Protein chains: 2
Amino acid sequence: MKYALASLFLLAATATADEWRTPQADNLVYLELEQGPVVLELAPFMAPQHVKQFKALVKEGYYDGLDFYRVVEGFVAQAGDVSETRTSEHKQNLQAEFTRPISQDSDFSLVQAPDLFAEQTGYLKGFAAARDLQDKQEWLVHCPGMLAMARSTDADSGSTDFYIVIGQAPRHLDRNMSVFGRVLWGMPLIQSLPRGNPEVDMGVIAKDQPKGKIVRARIASDVPAEQRLALQVQEQDAPAMQARLKRGRDMDNAFFHFKGNGNLDICYYPTKVRLTPEG
Amino acid sequence: MKYALASLFLLAATATADEWRTPQADNLVYLELEQGPVVLELAPFMAPQHVKQFKALVKEGYYDGLDFYRVVEGFVAQAGDVSETRTSEHKQNLQAEFTRPISQDSDFSLVQAPDLFAEQTGYLKGFAAARDLQDKQEWLVHCPGMLAMARSTDADSGSTDFYIVIGQAPRHLDRNMSVFGRVLWGMPLIQSLPRGNPEVDMGVIAKDQPKGKIVRARIASDVPAEQRLALQVQEQDAPAMQARLKRGRDMDNAFFHFKGNGNLDICYYPTKVRLTPEG
């Protein structure tokens with residue numbers, strides 16, 4: 001093939017085994033769609049009550065058979081009970097968990113300062129994150145693949161329905177929504193979901209139109225071991241990850257004739273996920 | 001439905017008829033995939049030689065039956081002749097058209113200054129664009145849906161194979177690639193294309209694996225009128241468009257508890273496209 005478009009995140013780097021962590025099975029959720037599995041990693045360090053309730057809902061089968069009922073091209077795919085008929089003891093309105101105070105034991109790893117929308121961006125436990133040093137707050141950023149709870153106007157009104165970002169980062173939602181995880185595996189399935197018309201009913205798909213269905217949702221620890229994907233996440237401080245960021249800043253590859261200004265968009269650099277070589 | 005996630009670009013605005021333009025049929029290309037049509041608007045004002053050659057290739061049927069052979073989740077979908085066996089008199093290496101000099105008759109409409117990667121961002125004829133006032137250059141930005149020519153390391157080596165951005169804007173490619181159009185219609189089909197493995201052969205899909213096919217490509221003026229989509233693009237200076245940008249800056253909707261910093265990401269605000277109400 002003659003024409004190859006260089007991608008900064010495709011340039012190979014040799015990674016040693018300890019640069020990758022295996023997420024805990026009780027912190028992963030498998031959304032089984034008709035087309036295959038989507039695996040979510042949860043972020044209890046940022047939104048503990050959202051994670052707790054989401055896991056309880058998953059465990060009781062609340063999401064089984066529900067649809068991605070609102071899918072807006074370039075924005076979000078939202079799932080849950082559009083009919084609002086399904087009941088659950090775990091369907092409680094949650095207090096907002098938009099941000100958390102910066103503390104000494106934060107593992108924040110800086111990537112960019114300033115960012116267009118935040119004083120700093122970087123990673124927290126492998127998730128794209130941002131910080132405001134004046135307000136002494138940090139939060140997870142609405143990058144593609146990020147998982148957050150939908151809500152009504154009241155900040156403390158999220159409970160069951162969630163969305164996944166499928167387009168250019170909607171950064172105005174940062175610090176406005178409780179982000180509680182991200183997709184580790186299966187984004188192409190989310191990107192393939194039937195869309196609604198954004199100009200009609202906020203993109204909610206009409207009753208008689210096809211929708212993507214959650215056949216079943218399970219905590220990974222409830223999935224038989226042989227059915228689990230052996231996923232690993234590259235550590236944010238891994239030398240290979242830091243080298244990738246450096247290549248992005250320097251752009252010293254001959255492919256690039258214009259060398260940029262050294263700035264990085266945190267949402268272009270999700271930490272990598274792989275199936276373990278032995279998995 | 002109780003839980004509605006407010007989207008800045010969904011908030012309704014009344015638009016008058018003259019806020020929308022109908023793109024010229026000889027400046028649109030229909031990529032007919034097995035799943036339906038994808039419509040591209042070309043940008044001859046930025047990359048005239050790329051547009052000229054692309055249209056000549058389309059007209060002679062060069063792309064008919066070729067595949068999206070390299071599709072990397074969160075990055076690009078690239079199409080063309082992976083086998084490099086197809087010949088054409090129009091398969092010429094093109095001189096780079098990465099930027100153009102800022103001139104007095106530019107219709108650049110400012111949105112954001114400074115942007116994270118450019119001195120200014122805004123629109124040129126409805127396409128996301130950026131400017132460097134020092135270098136006196138302007139260019140089209142690699143937002144989702146943007147169309148550009150693939151190339152090898154040599155800046156002047158693009159000829160036939162093209163890519164469409166399908167993920168968070170790869171802004172390091174700005175000023176490095178000849179962007180010559182964008183998708184007006186059919187992005188969900190592009191987002192549904194079979195992916196390659198980014199860790200293997202730069203994401204080129206293995207020979208025996210399923211790929212999305214271009215059944216036929218045609219200039220819209222060669223498509224029978226009754227088969228054309230009656231597409232319109234909202235003018236970049238339309239009051240409704242400017243009001244949408246203002247809502248993004250002000251975030252004065254009660255849904256937003258954190259009001260942002262007034263900055264806008266040009267790639268989150270593509271100019272709107274619609275099927276004409278009477279179409």
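The values are calculated or read from the model by the stated rules, or taken from the named source; none is laboratory data. Remember, it's a predicted structure, so these values are computed and weren't measured experimentally. Don't worry about glycine lacking a Cβ; one is built from the backbone with ideal geometry, like all the others, and counts go over all protein chains shown. Side chains are part of the model used for accessible areas, which takes the heavy atoms of the whole protein and leaves out ligands, DNA and RNA. Shrake-Rupley method; radii C 1.70, N 1.55, O 1.52, S 1.80 Å.
Checking each residue in segment A:179-191 for being closer than 20 Å to residue A:34 by Cα and either of a type in the set (A, V, I, L, M) or within 8 Å of chain B (Cβ to nearest Cβ) (or both) picks out A:183, A:184, A:187, A:188, A:189, A:190, A:191. Are any residues in segment A:78-96 of a type outside the set (Gly, Ala, Ser) and touching a helix residue (DSSP H, G or I) at 6+ places or on another chain (Cβ under 7 Å), and if so, which ones? Result: A:90, A:92, A:94, A:95.
Scan segment A:203-218 and give yes if some residue there is modelled with pLDDT of 95 or more and under 21 Å from residue A:143 (Cα atoms), otherwise no. Yes, the conditions are met somewhere in segment A:203-218. Among the conditions (1) farther than 24 Å from residue A:91 by Cβ; (2) assigned to a loop (DSSP other than H, G, I, E, B), residue A:176 misses just one, which is (1).
Is it the case, given these coordinates, that residue A:161 is among the charged types (D, E, K, R), over 26 Å from residue A:212 (Cβ atoms), within 10 Å of chain B (Cβ to nearest Cβ) and out of contact with any Cys (no Cβ under 8 Å at 6 or more places or on another chain)? Here the answer is no, as residue A:161 does not meet what is asked.
Here is the figure for segment B:250-279: residues that are under 19 Å from residue B:20 (Cβ atoms), more than 18 Å from the chain's Cα centre (by Cα) and open to solvent by less than 10 Å² (accessible area, probe 1.4 Å) total 0.
Considering each of A:148, A:96 in turn, give the residue that is out of contact with any His (no Cβ under 6 Å at 6 or more places or on another chain) and touching a residue at least 40 places away in the same chain (Cβ under 8 Å).
Numbers: A:148 fails: touching a residue at least 40 places away in the same chain (Cβ under 8 Å).
Only one candidate passes the filter, namely A:96.
Among all positions in segment A:225-233, there is at least one residue which is of a type in the set (S, T, N, Q), open to solvent by 10 Å² or more (accessible area, probe 1.4 Å) and touching a Lys or Arg at 6+ places or on another chain (Cβ under 6 Å).
Selection of segment B:158-173 for residues being in contact with a His (Cβ under 9 Å, 6 or more places away or on another chain), more than 19 Å from residue B:92 (Cα to Cα) and in a strand (DSSP E or B) yields only B:165. The residues listed here are B:175, B:247, B:171, B:182; of these, the one that is charged (D, E, K, R) and farther than 26 Å from residue B:139 by Cβ is B:247.
Using the structure shown, decide if residue A:231 is modelled with pLDDT of 95 or more, in contact with a strand residue (DSSP E or B) (Cβ under 6 Å, 6 or more places away or on another chain) and within 13 Å of chain B (Cβ to nearest Cβ). Before you say what the answer is, go through the steps one by one.
Working: modelled with pLDDT of 95 or more: yes; in contact with a strand residue (DSSP E or B) (Cβ under 6 Å, 6 or more places away or on another chain): yes; within 13 Å of chain B (Cβ to nearest Cβ): no.
Criteria not met by residue A:231.
Against the condition more than 21 Å from residue B:72 (Cα to Cα), assigned to a loop (DSSP other than H, G, I, E, B), among the aliphatic types (A, V, I, L, M) and within 10 Å of chain A (Cβ to nearest Cβ), how does residue B:155 come out, does it pass? Spelling it out, residue B:155 is indeed more than 21 Å from residue B:72 (Cα to Cα), assigned to a loop (DSSP other than H, G, I, E, B), among the aliphatic types (A, V, I, L, M) and within 10 Å of chain A (Cβ to nearest Cβ). State all residues of segment A:234-249 that are touching a helix residue (DSSP H, G or I) at 6+ places or on another chain (Cβ under 7 Å) and open to solvent by less than 40 Å² (accessible area, probe 1.4 Å); if no residue qualifies, say none. Those that are touching a helix residue (DSSP H, G or I) at 6+ places or on another chain (Cβ under 7 Å) and open to solvent by less than 40 Å² (accessible area, probe 1.4 Å): A:234, A:238, A:240, A:248. None of B:115, B:156 is among the charged types (D, E, K, R) and surrounded by 17 or more Cβ atoms within 10 Å (Cβ to Cβ) except B:115.
Against the numbered list (1) open to solvent by 10 Å² or more (accessible area, probe 1.4 Å); (2) touching a Pro at 6+ places or on another chain (Cβ under 8 Å), residue B:165 comes up short only at (1). Starting from residues that are under 26 Å from residue B:141 (Cβ atoms) and among the hydroxyl-bearing types (Ser, Thr, Tyr), keep the ones in segment B:250-279 and report whichever is nearest to the other protein chains (Cβ to nearest Cβ). Of everything passing the filter in segment B:250-279, B:268 is nearest to the other protein chains (Cβ to nearest Cβ). Restricting to segment A:197-216, name every residue that is under 10 Å from residue A:67 (Cα atoms) and either of a type in the set (Lys, Arg) or facing chain B (nearest Cβ under 9 Å) (or both). Correct list: A:211, A:213. All of A:144, A:170, A:194 fail the test of being under 21 Å from residue B:188 (Cβ atoms), modelled with pLDDT of 95 or more, open to solvent by less than 10 Å² (accessible area, probe 1.4 Å) and facing chain B (nearest Cβ under 10 Å), apart from A:170.
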